[in-house]
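Let me begin by presenting the structure, written as structure tokens, before commenting on it.
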Amino acid sequence: MVWRRFRLHGDTSLGALHFIIQSAFGWDNEYLHSFHIYGEDYGISYDGGIGFSNNPWLITLELFKFELHDRFTYEYNFYRHWLLDIRIERIEEPSKKKTPFCLSGHGMPDATKYDETERILDLMQAIAELDETTTIGDIRVFIEALNRVRFNRHQFNHQLHERDLTVPNWSQGLA
């Protein structure tokens, strides 16, 4: 099973959550998506795609007044029907804890244990064959290949905090 567990602040917008999910699952925002929350659909409108009546960058999680154990869904790629079941596991008082933050996760979409084993063996072979001409970049290729089939939470959190998810921009699907 492929899953992620996040700590999010209530002021996280649906637009930001979309890009957090995209990054966490190794997706490139190539396909349409939608959130289904309390019987309504939300998402980022794209030319030629689904139109949504609300601005996802202004709709925050706290506006839904979720309670413990509430659930909603996120669907990505309407051809493949990647359906994520999002659950509210805990509601905490505001704190200084880092958000957004991935607490844990497992697996990558479409990757098998065999894929992971093959990438580990490739990396181990590259390390075993190191010599004085080998560069970090030579090894990084194998690490990145492994990260595409095995979720790397630490790398994801590092990448997540390099992005500004509070301000929408044209590269984030705004028409």
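The values are calculated or read from the model by the stated rules, or taken from the named source; none is laboratory data. Predicted model, so just to flag it, every value in this text is computed and none were measured. For neighbour counting, all protein chains shown are included, and Cβ atoms are generated from backbone atoms with ideal geometry for every residue, glycine included.
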Worksheet item: For ALA16, all conditions in the list (1) buried (at least 18 other Cβ atoms within 10 Å of the Cβ); (2) assigned to a loop (DSSP other than H, G, I, E, B); (3) of a type in the set (A, V, I, L, M, F, W, C); (4) at pLDDT below 95 hold save one; what is the number of the exception?
Response: (2)
Item to complete: Tell me which residues, restricted to segment 133-168, are part of a loop (DSSP other than H, G, I, E, B) and either closer than 18 Å to ARG4 by Cα or not polar (S, T, N, Q) (or both).
Response: ARG150, PHE151, ASN152, HIS161, GLU162, ARG163, ASP164, LEU165, VAL167, PRO168
Worksheet item: Do we find that ILE127 is of a type in the set (A, V, I, L, M, F, W, C), more than 16 Å from the chain's Cα centre (by Cα) and under 30 Å from TYR46 (Cα atoms) in this structure?
Response: no
Worksheet item: Mind checking which pairs have a first residue in segment 52-69 that is within 25 Å of GLU93 (Cβ to Cβ) and a second that is surrounded by 18 or more Cβ atoms within 10 Å (Cβ to Cβ) and basic (Lys, Arg), Cβ under 8 Å, 6 or more apart or different chains?
Response: none
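Rundown of residues vs (1) surrounded by 16 or more Cβ atoms within 10 Å (Cβ to Cβ); (2) modelled with pLDDT under 95; (3) outside the structural domain of GLN155 (by TED's automatic domain parsing), yes/no style:
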site	(1), (2), (3)
PHE25	yes, yes, no
ASP28	no, yes, no
TYR38	no, no, no
SER53	no, yes, no
Worksheet item: Being modelled with pLDDT of 90 or more, among the polar types (S, T, N, Q) and in contact with a strand residue (DSSP E or B) (Cβ under 8 Å, 6 or more places away or on another chain), is that true of even one residue in segment 74-83?
Response: yes
Worksheet entry | Only one of LEU103, LEU63 that is under 30 Å from GLY49 (Cα atoms) and surrounded by 10 or more Cβ atoms within 10 Å (Cβ to Cβ) | LEU63
Worksheet item: Identify, please: which residue in segment 84-100 is surrounded by 11 or more Cβ atoms within 10 Å (Cβ to Cβ) and under 14 Å from the mean Cα position of the chain (by Cα) and is, among those, farthest from ILE37 (Cα to Cα)?
Response: THR99
Practice prompt. All but one of (1) closer than 16 Å to LEU8 by Cα; (2) touching a Lys or Arg at 6+ places or on another chain (Cβ under 6 Å) hold for ASP164, so report the exception by its number.
Written response: (2)
